[in-house]
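To keep things clear, I will list the structure first and then write my remarks on it.
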Amino acid sequence: MPSLIKKIPSRSSASIEYELMRGDDGTVYCTCPAWKFSKGTKSCTHVREYAGSTEAKLDPAELEKLRKKEKAELEKRKAEQEKRRLAEEEAARKAEEEKQRKIEEERKQAAAKFVPKLSYKVKKSDRSMIWPDVDTAFHVSQDDASFLDIIHDMSQDTPQNVLLTGPQGCGKTELAVWFAAKHERPLVAMNCATIRETRDWFGYKEAKSGTVNWHVSDFVKAIRTPNCTIILDEFNRLHSSLHNTLYPLLDGRRQTWVEELGEMIDVAPGVVFFATCNIGHQHTGTFTLDAALEDRFGQRVECNFLPKAAEVKVLTDKTGIPEKEATRLVEFAGDIRAKAKGDSKGGGTTLTRAVSTRQLLQTAILGRRFKAKGQEYADALYYTVLPYYAEDERPQVQLLMQGKFPETTTGKKKK
C-alpha cells in the first residue's frame, strides 16, 4: 500500500498541496500535474529534488522516525506561537483596560473638581450696579455680536434701545449682560414684575424723625451713569400704565421730570436700554406692547434656541457633562421643541411648552450627580423636564425620553 512521504505546497497557489508518495515497489511519485502528464519515465521537480535529498537515502523505518520528529517539532513550534499570541492578546487587553480605567478615573476626578459655570462673574459691584466679566461659555452668533458692536458705537452719539424677544430660557438676559461685559460697561437689571406704581421706577418715600425723605432708586442712578447698560427684564409683565413715565427716557428727549425729586432726570451719554420679553400664549401675566412703546425700541433681536453644535458646547463648557450625553440631551430637546411648534418633525402633535437651554443646564448638573451615584444622566429629566407638562402630555414626553435614553432607570421606578 502506498505511503505518504510528505506534502508539498504548490509554488503557484498557497491553498494547493501535492503529495509525494512511495509505492509498494519503492517507486516515488507525485500527485502534481507535472508528474501526471510527464512522458517516458514519470518524474517532476518535486521527485527530483527528493531524490537528491538525504531523506531519499533513508530506509522506510528511519524515514517514518524522521517524519514523526519533524511533526512533533512543528506542533511544538505552533503551540509556542499560539502561547505567545494568547499572551500578547492578554497583555494588550490588560493594557487597554488599564488605559480605559485611567481615562475614567481622570474623568471622574475632573468631574468632581468641575464647578458648574451657570452665570457670569462680577468683577465689582455698587449696590445693584455691577461690572460683569465676559462669560466665555456663552454663545453669541457672529451676526448678533457684530450688531451689538454697532449699537455700542452708535450709543455714543444717538439713543439706543434694543428689544430682545424669544422663548423662555434661551439667553435673552444673558445676551444683554454679555454686551455690557464685552464693552466693559456697568450694568443694572430691573425686574419689571416688581414695579407696581409709576413712582417705583424712581424711588420711595420714608418717614423718619418727623421728616419725609425721598430715596432715589438704583434705576435713577443707572440712568445718570455714563455708558450704563440697563436691562428692563420681563418688560411685558408691566401694565401699560407703568410704561408711560418711561416714554420720555426712551425717545429722543432722553429725560423726564420726577415730581417727588423736584428735578429733571437726564439719561447720561452712552446709556443703552435692553428690554426682554417672553412673547406667546403660554406666558401668563404678560401684556401686549403697544405701538408707541415698540416704536421707541427701534431695534429688535429675535433670540432663539442655539444650533445643535453650539448648544452642546454650552452644556459641556458650563457643566462638564460628557459631549455624548450633552448631544443626546440637545437632540431630545430638539424633538420636544419640534412638537411644541407643531412642525413636521414633531409628527403634527403639539406640546404646550419647549425645553429651554436653562432646563438642559440644570438637567446636566443634576445628571452628573445621578451618574456619580451609579444612575444615568437622563434620570434627571424626570425631575427637571417631565413634571412641567400636563398629565395628558406626559406620555408623549416620556416616550421621547425613553426613546432617546433607553438606559434610564428612574422612569422604571416611577411606573
### Query
List the pairs whose first member sits in the range 60-87 and is surrounded by 11 or more Cβ atoms within 10 Å (Cβ to Cβ), whose second member is small (Gly, Ala, Ser) and modelled with pLDDT of 80 or more, and whose Cβ atoms are under 8 Å apart, counting only residues at least 6 apart or on separate chains?
60/3
### Query
In the range 138-183, which residues are small (Gly, Ala, Ser), closer than 18 Å to residue 308 by Cα and surrounded by 16 or more Cβ atoms within 10 Å (Cβ to Cβ)?
166, 169, 171
## Note on the structure
When restricted to 329, 366, 293, the only residue modelled with pLDDT under 85 and farther than 17 Å from residue 168 by Cβ is 293
#### Entry: Filter result for residue 376 (surrounded by fewer than 16 Cβ atoms within 10 Å (Cβ to Cβ), at pLDDT 85 or above, within 23 Å of residue 313 (Cβ to Cβ) and within 19 Å of the chain's Cα centre (by Cα))
no
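Would you be able to say whether some residue in the range 357-371 is loosely packed, with under 15 Cβ neighbours inside 10 Å and either within 29 Å of residue 142 (Cβ to Cβ) or touching a helix residue (DSSP H, G or I) at 6+ places or on another chain (Cβ under 9 Å) (or both)?
Taking the range 357-371 and keeping what is loosely packed, with under 15 Cβ neighbours inside 10 Å, we get 369.
Still in the running and either within 29 Å of residue 142 (Cβ to Cβ) or touching a helix residue (DSSP H, G or I) at 6+ places or on another chain (Cβ under 9 Å) (or both): 369.
Yes: the range 357-371 contains one or more residues that are loosely packed, with under 15 Cβ neighbours inside 10 Å and either within 29 Å of residue 142 (Cβ to Cβ) or touching a helix residue (DSSP H, G or I) at 6+ places or on another chain (Cβ under 9 Å) (or both).
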#### Entry: Output for the range 127-137, where each listed residue is of a type outside the set (A, V, I, L, M, F, W, C) and either surrounded by fewer than 16 Cβ atoms within 10 Å (Cβ to Cβ) or more than 24 Å from residue 310 (Cα to Cα) (or both)
127, 128, 133, 136
### Message
Quick check on my filter: what residues within the range 218-266 are among the hydroxyl-bearing types (Ser, Thr, Tyr), in contact with a Ser or Thr (Cβ under 9 Å, 6 or more places away or on another chain) and at pLDDT 85 or above?
### Response
247, 256
### Message
Would you confirm, using the coordinates I've provided, whether residue 209 is at pLDDT 90 or above and farther than 19 Å from residue 234 by Cα?
### Response
no
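The values are calculated or read from the model by the stated rules, or taken from the named source; none is laboratory data. This is a predicted model, so every value here is computed, not measured. No Cβ is skipped: glycine too gets one built from the backbone with ideal geometry, and neighbour counts run over all protein chains shown.
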